[in-house]
Amino acid sequence: MSTLQSPMLVLAGTFSFAAAAAHLACIVGGPGWYRAMGAGERMALAAARGQWRPTIVTLLISAILVTWGLYALSGAGVLAELPLQRWILPVITAVYLLRGLFFMPLRAHFPGNSAAFWYWSSGICAAIGVVHLVGLWQAWG
């Protein structure tokens, strides 16, 4: 472990962990939470029927977000360096920024998600992407 190189990457990691926790809350909270988070009626109904798809999809997204949080903490110097970190952190940053800024083409593939979901989640993703970008600049100059 090295010294703290980027407080903003620590913040970015914290945001990724919080997003993972919010996703996991949907599994625990059930259909009402899927609806409240804007995941769409199809996901909520599938959860209400006890189908595995919402749980699997949500666990997968949560696992990805936790992994991204770990990479951010590693890039900040809080954790030991992770494999391919110098490549993966910019990719994570790009994914957050692209998801946040260019969500309109994605909307067509997920018609059940509410407009509020798209605007809120896209704003959050864009903000996390900016925090990542500033964090990378702090860490790597």
(message) With θ taken as phi - 60° and the coefficients 6.51, -1.76 and 1.60, list the Karplus ³J(HN,Hα) couplings across the range 57-68 in order, rounded to whole Hz; mark glycine and proline as x.
(response) 4, 5, 5, 4, 4, 4, 5, 4, 5, 5, 4, 4
(request) Per residue of the range 91-107, in order, report the coupling 6.51 cos²θ - 1.76 cosθ + 1.60 (Karplus, θ = phi - 60°) as ³J(HN,Hα) in whole Hz, putting x for Gly and Pro. (result) 5, 4, 4, 5, 4, 4, 5, 5, 4, x, 8, 10, 7, 4, x, 5, 3
(message) Angle check, please: helix 7-29 long axis (alpha carbons) against the longest principal axis of the chain (alpha carbons), in degrees 0 to 90, nearest 10.
(response) 20
(request) Taking the chain as the reference, fit the longest principal axis to its C-alpha atoms, fit the long axis of helix 115-140 to the helix C-alpha atoms, and give the angle between the two in degrees, 0 to 90, nearest 10. (result) 10
(request) Could you tally the net charge around ALA48, taking each other residue with its Cβ under 14 Å from the Cβ of ALA48, Lys/Arg +1 and Asp/Glu -1? (result) +3
(message) For the chain, set up a GNM with springs between Cα atoms under 10 Å and report which of ILE64, ILE88, ILE56 has the largest fluctuation.
(response) ILE56
(message) Given Cβ point charges of +1 (Lys, Arg) and -1 (Asp, Glu) and nothing else, what value in debye, to the nearest 20, does the dipole of the range 7-140 about its Cα centre take?
(response) 340
(request) Would you mind calculating the relative contact order of the range 29-138 from Cα pairs under 8 angstrom and at least 6 residues apart, reporting the percent as a whole number? (result) 27
(message) I'd like the projected area of the range 7-140, averaged over all directions, using the convex hull of its alpha carbons. Report it in nm² with one decimal.
(response) 7.9
(message) Give me the net charge for the shell around TYR34: Cβ to Cβ below 10 angstrom, other residues only, Lys and Arg +1, Asp and Glu -1.
(response) +1
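All of the numbers you see were taken from the coordinates with simple rules; none came from a lab. All values reported here derive from a predicted model rather than from experimental measurement. For neighbour counting, all protein chains shown are included, and Cβ atoms are generated from backbone atoms with ideal geometry for every residue, glycine included.
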